[in-house]
Amino acid sequence: MTLHTALIKTEEEKISSEKAKKFIFSEKNGAESIFVGRVRNENSGQKVNAVTYDAHDKAVMKSFQLICKDAKKKFDKNASIFLEHAKGYVPVGEISILIAISSGHRDEAFKICRYILEEIKHKS
């Protein structure tokens, strides 16, 4: 199973789409889907300078791994999944979440990416 899930402390390491692309690459898979979520400068009409993500690392990691495993079971057991979420202080414009999928076909890649994002938003 090709699966990478991590919480990244933004002051220590930035979330990298290049790292994600390298991780998911496979000659067996013909489709890649990458979702990048960034902190935007407003929310519900209010100005935003940054957000702070707090998490209990073990619980979040277990949840991320279960979500990703469920996505693979549901859509494509051979998919490669890369998931990183920021932890701590994240200023406007910085990446807060990155989900990258490689799969045999585009439909499954899109569905896995969307499924993971929706499950994370629903469970947090």
Next item on the list: Go ahead and run the numbers for FRET between residue 69 and residue 41, Cβ-Cβ distance against an R0 of 41 Å, rounding to 0.05.
Entry: 0.70
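Mind listing which chymotrypsin sites (Phe, Trp or Tyr not before Pro) in the stretch 19-124 are in a DSSP loop and have 15 or fewer other Cβ atoms within 10 Å?
25
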Check: For the stretch 59-69, in order, what is each residue's ³J(HN,Hα) by Karplus, 6.51 cos²θ - 1.76 cosθ + 1.60 with θ = phi - 60°, in whole Hz (x at glycine and Pro)?
Finding: 5, 5, 4, 4, 4, 4, 5, 5, 4, 5, 5
Notebook entry, point to check: Label-point separation (nm) for residue 117 and residue 94, each offset 7 Å from Cα along Cα-to-Cβ?
Noted result: 2.1 nm
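Order 4, 105 by their accessible area, 1.4 angstrom probe, all chains in place, largest first.
Final ranking, largest accessible area leading: 105, 4.
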Next item on the list: Would you be so kind as to identify which of 34, 98, 110 lies farthest towards the positive end of the dipole of the chain, taking Lys and Arg as +1 and Asp and Glu as -1 on Cβ and the Cα centre as origin?
Entry: 110
Check: Going toward the positive end of the dipole of the stretch 31-87, with +1 on Lys and Arg Cβ and -1 on Asp and Glu Cβ, which of 67, 43, 83 do you reach last?
Finding: 67
Item checked: Distance violations [Cα-Cα > 32 Å] among 22/47; 47/123; 21/62; 22/74; 47/74 -> 22/47; 47/74
Check: Which residues make up the longest stretch of the chain that has no GluC sites (Glu not before Pro) in a DSSP loop with at most 13 other Cβ atoms within 10 Å?
Finding: 28-124
Item checked: Relative contact order [Cα under 8 Å, 6+ residues apart], the chain, whole percent -> 41 percent
Check: Can you give the extra length, in nm with one decimal, that the chain gains between residue 28 and residue 77 once fully stretched, where that is 0.36 nm per residue apart less the Cα-Cα distance?
Finding: 16.4 nm
Margin query: I need the phi-derived Karplus couplings for the stretch 16-23: 6.51 cos²θ - 1.76 cosθ + 1.60, θ = phi - 60°, integer Hz, Gly and Pro marked x.
Written below: 10, 5, 5, 4, 5, 4, 5, 5
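The values are calculated or read from the model by the stated rules, or taken from the named source; none is laboratory data. Bear in mind the structure is a predicted one, so any value in this text is a computation, not a measurement. A quick note on method: Cβ atoms are made from the backbone with ideal geometry, for glycine too, and the neighbour counts reach across all protein chains shown. Quick note on the areas: whole protein, heavy atoms, side chains included, nothing else; ligands and nucleic acids left out. Shrake-Rupley method; radii C 1.70, N 1.55, O 1.52, S 1.80 Å.
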